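This report refers to the structure that appears directly beneath it.
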Amino acid sequence: MEAATQMGREHAPHVTMEIDGGLRPGNVAQGVRAGAGAVVCGSGLFGPEGRAAAIAAMKSGIAQGVASPA
């Protein structure tokens, strides 16, 4: 992801990088730190803890990624 983000910044700085697929609260911060400006999450919101808790956890992971960039 880091290489794609760097290439995007160099050649198309107006494009927002998006991550999609396999996202969970435990790994979303890594994608955000790598440069994703948009996050798409589907099945990661349907865990046993319920959607509200999963959404809150994803938001927390995104905030962690924003707060500690690469």
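With +1 on the Cβ of every Lys and Arg and -1 on the Cβ of every Asp and Glu, and nothing else charged, how large is the dipole of the chain about its Cα centre, in debye rounded to the nearest 20?
180 debye
Averaged per residue, what accessible area in Å² does the chain show with a 1.4 Å probe, protein chains only?
Numbers: 4530 Å² over 70 residues.
Averaged over the residues of the chain, the accessible area is 65 Å².
Just the number, please: carbon plus sulfur as a percent of the accessible area of region 1-59, 1.4 Å probe, no ligands or DNA/RNA counted.
55 percent
Once you keep just the Cα pairs under 8 angstrom separated by 6 or more residues, what percentage relative contact order results for the chain?
35 percent
The values are calculated or read from the model by the stated rules, or taken from the named source; none is laboratory data. Source: prediction; values computed, not measured. All Cβ positions, even for glycine, are placed from backbone atoms using ideal geometry, and neighbour counts span all protein chains on display. Ligands, DNA and RNA are excluded from the accessible area calculation, which covers all protein heavy atoms including side chains. Shrake-Rupley method; radii C 1.70, N 1.55, O 1.52, S 1.80 Å.
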